[in-house]
Amino acid sequence: MRGASRQRLRAGHTGLAVGVLATGCAFTATTGTSSHALRSLSAYSPRHAPRWEHLQRYGGYSGALLAAVSGVPVLRSRFSQARRSAKKEIEAEGGFSLEPPSGTRDFFPEDMRMQRWLFDRFRETAQLYGFQEYDAPVLESEDLYKRKAGEEITEQMYNFRDKEGAAVTLRPEMTPSLARMVLSLMRAETGAIAAVLPLKWYSIPQCWRFETTQRGRKREHYQWNMDIVGVSAVTAEAELLSAVVSFFESVGITSKDVGLKINSRKVLAAVLNAAGVPSEKFAETCVIIDKLDKIGADAVKKDLAKLVGLSPEVSDTIVAATGAKTLEEFADIAGVGESSEVEELRRLFALAEDYGFADWLQFDASVVRGLAYYTGVVFEGFDRAGVLRAVCGGGRYDKLLELYGSKKEVPCVGFGFGDCVVMELLKERNALPDLGANVDMVVAAYNADMMGKAMNVARRLRLTGKSVDVYPEPGRKVKKAFRYADKVGAAKIAFVAPDEWEKGEVRIKDLRCAADTPDEKKQCDIPLEKLSELDSFFS
Ligand code: HAM
């Protein structure tokens, strides 16, 4: 028997997969096989190709489940369907919903792999630009968001009284938490920041907004934030925009797919100032103008008259200015000509030119943004196909810290970049990576007596930094262990059997080797004390 199992073990990996097909267990075997192995399988054995197509077409829940677990992309959507219908069945039986609350998401392992991949790109970009990571509680004081400019975000809060009666909310955005934390670094008496400025911080918080859910907009989302505190020059904006571009490039999105619309609230402020609008009405005015797309020019003008008290002439000028196609046209209509505000925007475009990402930027007078606290440059990422909502958005908010009690103005600028829209975009561009389950090795025991030895091997391998999964069922039938190794995405499998163990060795098989790999490199008996040099046996 031992000899038979060894014979099976000696068969090459691809050969084994074919063997499994031939036994009639084709479904689980093939769908549970890594995409790499599948590719080599169809190259090795074209006669099985029709069978694979058949599986793709007719694979049911378990096949789809295996496919999703093992990361075979072609069956992932079938897996989602299967999961949905399985849920419905269970719901009907159990009488309760298996769906997470409306507008929120479960992250199954395959979703989690994708999320990790995306967040790693966010983190790598932030670190490339010298930013430090920070975090804050998802539960914040409701007061932190009490702004009176009529912003949508303050109406969308998940707010409630806690058991001590405190008014709290799940954070709808990160910027107020950042402001709170920066303020806590300031010395109360002088208003000076104890820590060294500038601060360049990033975070990937989960944010909660009671929104109408739609494509790319949910009730919870993760939002990559990068903010610079303590730099008033527009170089900070240039640095942040460049970081956004670097991120897009790192995931294969180009300036043909996405653009960044740029405007400045300072220019608008100059217009309002010239028209005699009091500065305390500025934020409210911006929030109303931001609704242009949603409610149209007439409704905006009506609100500007009713809520801010603007004259019809000033409202007309503002609305007309937001339709300008170029910065020059905007400045002309707004009557602010060669002002310092316009000059600042020009400088930003010049910096982008020198930096090398000017092709991503486009001036857009209609971008005002809906958050009250912005005071200067504002920007928004958009997909050029015009199908999706804003990909990201940000701007300068030099007065927010004063709102929370800072004795002096602290220049701040930053952006928020949600995880939902960019995933939609990557899906549309077919640019999502194929991320299968992945462990370095599976260790399998020949029989129950060898289980402790197998665990000993696993421990030794883990000490060398390998991720190792111990196959829970000891047994001579290597077929099942191979199938399991494929399912968990293992690159190698170690069989711990008495013959080798007596010689102080363990048999290890490479599951990812090319078809033309010499036999001695497909499988090696490795002395236990050499397990730390495992890779050198296969290279
Ligand atoms: P925001 O424009 O409200 O800005 O959100 C920024 C980004 O977060 C949006 O462009 C979008 O990608 C994502 N996002 C917002 N709401 C949702 C949602 N319901 N579902 C999915 N994604 C969403 C802010 O939050 C500012 N605090 C950003 C900022 C940081 N400004 C300065 N620093």
With respect to K218, is the statement that it is more than 8 Å from the ligand (Cβ to nearest atom) and at pLDDT 95 or above true?
no
The condition of being out of contact with any Gly (no Cβ under 7 Å at 6 or more places or on another chain), within 16 Å of the ligand (Cβ to nearest atom), open to solvent by 20 Å² or more (accessible area, probe 1.4 Å) and among the polar types (S, T, N, Q) holds, among T375, T326, T317, only for T375
How many residues, within the range 333-360, are open to solvent by 20 Å² or more (accessible area, probe 1.4 Å) and either of a type in the set (A, V, I, L, M, F, W, C) or within 11 Å of the ligand (Cβ to nearest atom) (or both)?
6
Looking only at the range 378-391, filter to residues that are open to solvent by 10 Å² or more (accessible area, probe 1.4 Å) and within 11 Å of the ligand (Cβ to nearest atom); which one of those is farthest from K427 (Cα to Cα)?
E380
Top-ranked residue of the range 131-188 - restricted to ones that are open to solvent by less than 20 Å² (accessible area, probe 1.4 Å) and part of a strand (DSSP E or B), ranked as farthest from I204 (Cα to Cα)
V168
Quick one: in the range 215-271, which of the residues that are part of a strand (DSSP E or B) and of a type in the set (F, W, Y) is surrounded by the most Cβ atoms within 10 Å (Cβ to Cβ)?
W224
Residue count, the range 198-214, condition open to solvent by 20 Å² or more (accessible area, probe 1.4 Å), closer than 29 Å to Q132 by Cβ and near the ligand (Cβ under 8 Å from one of its atoms), comes to 1
Is it true that E380 is at pLDDT 95 or above and outside any helix (DSSP H, G or I)?
yes
Among strands (runs of 3 or more DSSP E) entirely inside the range 399-509, those with 2 or more residues being within 16 Å of the ligand (Cβ to nearest atom), touching a helix residue (DSSP H, G or I) at 6+ places or on another chain (Cβ under 8 Å) and touching a residue at least 12 places away in the same chain (Cβ under 8 Å) are 412-418
Candidate set: the range 80-126, residues that are among the hydroxyl-bearing types (S, T, Y) and outside any helix (DSSP H, G or I); chosen: the one farthest from the chain's Cα centre (by Cα)
S97
What do you reckon, is K281 more than 30 Å from E428 (Cα to Cα), surrounded by fewer than 20 Cβ atoms within 10 Å (Cβ to Cβ) and among the charged types (D, E, K, R)?
yes
Look at K294 and say whether it is open to solvent by 30 Å² or more (accessible area, probe 1.4 Å), within 16 Å of the ligand (Cβ to nearest atom) and among the basic types (K, R).
yes
So which residues in the range 471-523 are open to solvent by 10 Å² or more (accessible area, probe 1.4 Å), under 34 Å from the mean Cα position of the chain (by Cα) and not β-branched (V, I, T), if there are any at all?
Y471, P472, R483, Y484, D486, K487, A491, K492, D510, R512, C513, A514
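The values are calculated or read from the model by the stated rules, or taken from the named source; none is laboratory data. Please read these numbers as outputs of a predicted model, since none were measured by experiment. All Cβ positions, glycine included, derive from the backbone under ideal geometry; neighbour counts span all protein chains shown. Accessible surface is based on the protein model in full, side chains and every heavy atom, while ligands, DNA and RNA are left aside. Shrake-Rupley method; radii C 1.70, N 1.55, O 1.52, S 1.80 Å.
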